[in-house]
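Please read the structure below before turning to the comments.
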């Protein structure tokens, strides 16, 4: 948690409490279902929670902004973002039912009321959102192709509606294949931990 408070010092007591419960809950679930790599659970707050809420360094959404978390797995980045943005709504979707159940259980345990869940493909979700977010799900051109059908037309934030994804490695060829405006932010611009040296936030206007 110290890493979270280092970069997000204005969290409320409730947010701190909710974030603080994540380690126990994910550790418990990880004993039953491999939600997070077992060798990585000790790094939950840097590699998963802080990584997820890095989107909050890029975007400060207005109240009522809606997000689809595409391929949420066990709830990343959706659950940490729902804690960070209690006045926004996050819809978490994944094809693996048991992982959605983990995310639902954890959200319920910590009292999140601004989340919804769907077991299935993005193509089965017919709602529109201000932004689609994802974390290391698939190649950027494929993400763009899938996400654009779920983007709302009405604009309410400083950044136009679009895709915000968290990815690692050399992204030059993926970005070049996207014929839309792209912003690439190295997460080392925000955070000093070594984990973020090869991680980027990618925003695509849709």
Out of all the residues in segment 172-183, is one or more at pLDDT 95 or above, under 25 Å from residue 63 (Cα atoms) and touching a strand residue (DSSP E or B) at 6+ places or on another chain (Cβ under 9 Å)?
-> yes
Among residues of segment 91-124, those that are at pLDDT below 95, surrounded by fewer than 18 Cβ atoms within 10 Å (Cβ to Cβ) and touching a helix residue (DSSP H, G or I) at 6+ places or on another chain (Cβ under 8 Å), counted = 1
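Mind checking which helices (runs of 4 or more DSSP H) fall wholly inside segment 1-106 and carry at least 3 residues that are within 28 Å of residue 150 (Cβ to Cβ)? First the steps, then the outcome.
Working: elements: 2-7, 13-30, 55-58, 78-84.
Here the list reads 13-30, 55-58, 78-84.
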Which condition number in (1) free of Cβ contacts under 8 Å to residues at least 60 places away in the same chain; (2) closer than 22 Å to residue 33 by Cα; (3) under 17 Å from the mean Cα position of the chain (by Cα) is the one that residue 106 fails?
-> (1)
Are any residues in segment 74-89 at pLDDT 95 or above and more than 12 Å from residue 131 (Cβ to Cβ), and if so, which ones?
-> 75, 76, 79, 80, 82, 83, 84, 86, 87
Go through the residues of segment 59-72 one by one and say whether even a single one is within 23 Å of residue 188 (Cβ to Cβ), crowded, with 22+ Cβ neighbours inside 10 Å and either in contact (Cβ under 8 Å) with a residue 40 or more places away in the chain or under 17 Å from the mean Cα position of the chain (by Cα) (or both).
-> no
Matching residues in segment 109-126 (in contact (Cβ under 8 Å) with a residue 12 or more places away in the chain, outside any helix (DSSP H, G or I) and either touching a strand residue (DSSP E or B) at 6+ places or on another chain (Cβ under 7 Å) or closer than 21 Å to residue 25 by Cβ (or both)) number 11
Residue ID - farthest from residue 199 (Cα to Cα), chosen from residues in segment 142-168 that are without any contact (Cβ under 8 Å) to a residue 40 or more places away in the chain and either touching a helix residue (DSSP H, G or I) at 6+ places or on another chain (Cβ under 6 Å) or crowded, with 16+ Cβ neighbours inside 10 Å (or both) = 165
Taking into account only those residues within segment 1-20 that are touching a helix residue (DSSP H, G or I) at 6+ places or on another chain (Cβ under 7 Å) and closer than 21 Å to residue 104 by Cα, which is surrounded by the fewest Cβ atoms within 10 Å (Cβ to Cβ)?
-> 15
In segment 29-39, residue surrounded by the fewest Cβ atoms within 10 Å (Cβ to Cβ) [restricted to those that are closer than 14 Å to residue 76 by Cα and touching a helix residue (DSSP H, G or I) at 6+ places or on another chain (Cβ under 7 Å)] = 36
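The values are calculated or read from the model by the stated rules, or taken from the named source; none is laboratory data. Nothing here was measured: the structure is a model prediction, and the numbers come from that model. Cβ sites come from the backbone with ideal geometry, for glycine too, and all protein chains shown count toward neighbours.
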